[in-house]
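Before any comments, here is the structure.
The values are calculated or read from the model by the stated rules, or taken from the named source; none is laboratory data. All figures in this text were calculated on a predicted structure; none of them were measured in a lab. Cβ placement follows ideal geometry from the backbone for every residue including glycine, while neighbour counts extend to all protein chains displayed. What goes into the accessible areas is simple: the full protein's heavy atoms, side chains included, and nothing from ligands, DNA or RNA. Shrake-Rupley method; radii C 1.70, N 1.55, O 1.52, S 1.80 Å.
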Amino acid sequence: MDPRMTRAEQNLMLLQRLIPESEGFYIWCYDRAGSLIASSCPQADREVLDRAFRVLGGLEKACACAADTRTDRPRLLGSSIGMQWAVTFESERRHDLIFVIGPVFYTAQTASQLRPALSPYTHSRENAPWAAALCAMAPRLPVMSYAIFVRYVALVHNTLTGQQVGPDVLAEDLGPSPRPVQAAPARDRTQVYWAERALLQMVRNGDLHYQHALRTSSLISGGVPVRGADPLRQMKTSIVVFTTLVSRAAMEGGLSPEIAYPLGDSYIQAVEDCRDSGELNMLAHTMYHDFIRRVHHLRANPGYSPAIQKCCDFIELNTERKLRAADVAALAGYSEYYLTDKFRRETGMSLSDYIRVTKMERAKVLLESTVLSVQEISEQLAFTNANYFIRCFRQITGSTPAQYRKTRR
């Protein structure tokens, strides 16, 4: 092992040995000058994959991440051929070493798919042999589902930093970005349907609390299972379809067609113009958030003062927490007594009633679009027990959660 590597970094290399070689999971360590210090990749493939990282712009992006100190979380790095990496750092030596996890594809590739995707890089005499070698490697290029890749990234990050973070570790939120997948028999169409319903219902409601639904969806489905001419084309097809669905849901939520259609068209054009899989991921997330934010703004009561609207947004974003009046008052900068009085005057209901109603709206979405039990939904919404949750739900909706689910399905 290189003497410049710390105990955490040495542990990381030892950890990698415990992961089955069949996973094709590789860890690379670079210095800030771009020199490769160590790698778990087999020697036979190391030179080709290291060059892929450099030629496809991965190393340049990784160095830019090292210079950006706004977050210490890992980030996904995409490429024009759909090859993905993740980059992270040891917290105490952030500016010294760069750790790269990957590369992976989310679906198996063939030489015939990679060849046109690599064509822009073959004009150089220096790159042509490398591109040919990468195409020849197609049958053994690492293929891993998005969900498994993210779990490995979290494992590496935790080993380096001592943190204990889960699959939502990425600085680039995993978002709704549809990702290409193989047409596997295990694909559960029913679960895909309910996950899609949840995502679109969030748009119709202008629901800013959508992160959980996005993560759930990304674990269930990778998008439209249609094999494109190349990996990037597959991703674009999925995102175009998803953008179309989201724009229609936004119109159902009240967004004017005069706004929704041109907005959707502009995002679709941006997708078509995109040449990097990482940028596609971010573009899909931005599109989804943009439509939800616009519907949310329309549904927000224009008669509320900025302070009360801020409180309402805070409540909608924190339905999984036990919310107290004192917490909301502190957010607005008011005393608890003043806020509760002002809140009732502007909204027509007490703060506690508003919190309960908001939680019940969240419960409706979960009942309609997931298979979570009533007990699990009760816990997710921070109720003390399921009986109290059922009683509140019946008071507000006129039916029990089980009855509501049955009628909606």
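If R0 equals 35 Å, the separation of the Cβ atoms of Leu317 and Asp96 corresponds to a calculated FRET efficiency of about 0.40.
If you take the Cα centroid of region 261-283 and the Cα centroid of region 376-409, the two points sit 39 Å apart.
Figure legend: label point modelled 7 angstrom from the Cα of Gln163 along Cα→Cβ; residues of region 94-132 with amide N under 17 Å from it are 94-101. Given +1 at the Cβ of Lys and Arg, -1 at the Cβ of Asp and Glu and no other charges, the dipole of region 307-375 around its Cα centre is 100 debye to the nearest 20. With the simple model of a label 7 Å out from the Cα in the direction of the Cβ, Lys406 to Glu368 spans 2.0 nm. Extension gain, Ser350 to Val143, is 69.2 nm, computed as 0.36 nm per intervening residue step minus the present C-alpha separation. With the highest mean first, a sort of the peptides 127-135, 50-58 on other beta-carbon atoms found within 10 angstrom per residue produces 50-58, 127-135. Under 30 Å between alpha carbons, and skipping anything fewer than 8 positions from Lys359 in its own chain: which lysines qualify? Those lysines meeting the cut-off are Lys310, Lys322, Lys342, Lys406. Using a cutoff of 8 angstrom between alpha carbon atoms and counting only pairs six or more residues apart, the relative contact order for region 73-142 works out to 27 percent.
Skip the ligands, DNA and RNA, and give the accessible area per residue of region 265-386 with a 1.4 Å probe, whole Å².
Per residue, region 265-386 has 49 Å² of solvent-accessible surface.
The modelled label-to-label distance between Glu126 and Ala300, using points 7 Å beyond Cα along the C-beta direction, is 5.1 nm. Each of the peptides 384-396, 289-301, 97-109 was scored by the mean count of other Cβ atoms within 10 Å over its residues; in descending order, highest first, they stand as 97-109, 289-301, 384-396.
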